[in-house]
1. If I go through segment 238-280 residue by residue, how many of them are touching a Cys at 6+ places or on another chain (Cβ under 9 Å) and modelled with pLDDT of 90 or more?
2. Evaluate the following for Leu188: is it free of Cβ contacts under 8 Å to residues at least 40 places away in the same chain, surrounded by 14 or more Cβ atoms within 10 Å (Cβ to Cβ) and assigned by TED's automatic domain parsing to the domain that holds Arg112?
3. What's the number of the condition Asp235 fails, among (1) crowded, with 19+ Cβ neighbours inside 10 Å; (2) farther than 24 Å from Leu120 by Cβ?
4. Select from segment 319-342 the residues that are within 24 Å of Val18 (Cα to Cα) and touching a helix residue (DSSP H, G or I) at 6+ places or on another chain (Cβ under 7 Å) and list them in ascending order.
5. Among residues belonging to segment 352-385 that are part of a strand (DSSP E or B) and charged (D, E, K, R), point out the one that is surrounded by the fewest Cβ atoms within 10 Å (Cβ to Cβ).
6. Out of everything in segment 194-219 that is assigned to a strand (DSSP E or B) and not hydrophobic (A, V, I, L, M, F, W, C), what residue ends up being farthest from the chain's Cα centre (by Cα)?
Amino acid sequence: MHHFEQRNGTLFAEGVSVQELAERFGTPLYVYSTATLKRHFEAFDSAFAAMPHLTCYSVKANSNLHVLRLLGSLGAGMDIVSGGELYRALLAGVPASKIVYSGVGKKPEEIRQALTAGILLFNVESMQELIRINDVARDMGKVAQVSFRINPDVDPKTHPYISTGLKKNKFGLNIEHSLEAYSLARDLPNVEPVGIDCHIGSQLTSIDPFLEALDKLMAFYEKLKAMNLDIRYLDLGGGLGINYNEEEPPHPSEFGAALTKTLGQLPLQLILEPGRVIVGNAGILVTETLYTKHTPSKNFVIVDAAMNDLLRPSLYGSFHRIEEVQPQGRPEQDVDVVGPICESGDFLAKDRQLPEVRQGERLAVYSAGAYGFTMSSNYNTRPRAAEILVDGEQVIVARRRETYETLVAQEL
């Protein structure tokens, strides 16, 4: 559910006309809905109310400071994967004690930054990383709380690029050899193993893979208890999917009920790392039609948004629903919606049935709130889009559009 809807022949974001936003701020333009962000976070977080839990929003999905500040004000912690994301989370006012640090390649300086801030824990992904965290913590006179990311070898039935819980993936430690890692952590003086972590993939449309992974983690937890380790946190990561097209992902309440039933009264605080399910359908990308072109084999709608603005269609072949900002009621035709980038892979949609679109008319690309702007780039020396946050009838410039001057500022 989101707060983008057609009213009187034009698309609105909450109480604001998207056409007017495009005219005022230009395109390409990301537009986010405050009401949708609040609704999605509260729906997810409340699904786990029956057990001790911490909902750590996955910053990589959408790292805009205004989004982070809003979610932090609702009680969210943050799941980060870089020093830059730590900086953003702290700048947005999120307490360090509600931040968990994931990712396979933490640099020593990033570990120092996290220890200085006092984050909750590190999700460790290799033996060498564990030793490095211990060494950095020793040099700082600190003890780092850690959990290990366990790779349970569960197929999440999602795109291979966003599958993270199989043996062949780069993430985590093999479940059969993880006991060695916990044993080493127990003996190292400057780390304390306090949790178990798992993340099997993204855009999951069934809870079955989560439950399969959880069964394996619970068996592993019993082995850790036998080692007299004080495990207090169970981090199940994120990955719950959203509706882009015809998917039917489970509601967070269904997910929460299943986990509550499985975990029962275990003395563990659950950590969850939702990203897409919070912000995915809370944002749209608005783009203007530059030209239309008809060839003997194809109809093209050439727009001013490109793969540098929204990479998912080119990278994953992902479907994003596209609609006219101001529907004209013309007949549909089969088109490719493409951008100005000099790559054949630069498209937002292929072989899509859309009403005839004319030069100067605008389109809205839905479900663009997650992995949209955060994956954008300056390829072809294109300034990145502006980001607008709508709250009722209030319009907040969450990020100004880049200029040619800002693009070259670091080179002068």
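The values are calculated or read from the model by the stated rules, or taken from the named source; none is laboratory data. What you see is a predicted model, and the numbers here were worked out from it, not measured in a lab. Counting neighbours? That spans all protein chains shown, and the Cβs are built from the backbone with ideal geometry, glycine included.
1. 4
2. No; evaluated as a whole, the condition is false for this residue.
3. Failing condition for Asp235: (2).
4. Within segment 319-342, His320, Val325, Gln326 qualify.
5. Keep residues of segment 352-385 that are part of a strand (DSSP E or B), which gives 352-355, 362-365.
Those left that are additionally charged (D, E, K, R): 352, 362.
Details: Arg352: 19, Arg362: 23.
The residue in question is Arg352.
6. Applying the filter and picking the extreme gives Gly195.
Here's the yes/no breakdown for (1) of a type in the set (Asp, Glu); (2) part of a loop (DSSP other than H, G, I, E, B); (3) touching a strand residue (DSSP E or B) at 6+ places or on another chain (Cβ under 6 Å):
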| residue | (1), (2), (3) |
| --- | --- |
| Gln19 | no, no, yes |
| Thr27 | no, yes, yes |
| Arg39 | no, no, no |
| Leu86 | no, no, yes |
| Gly93 | no, yes, no |
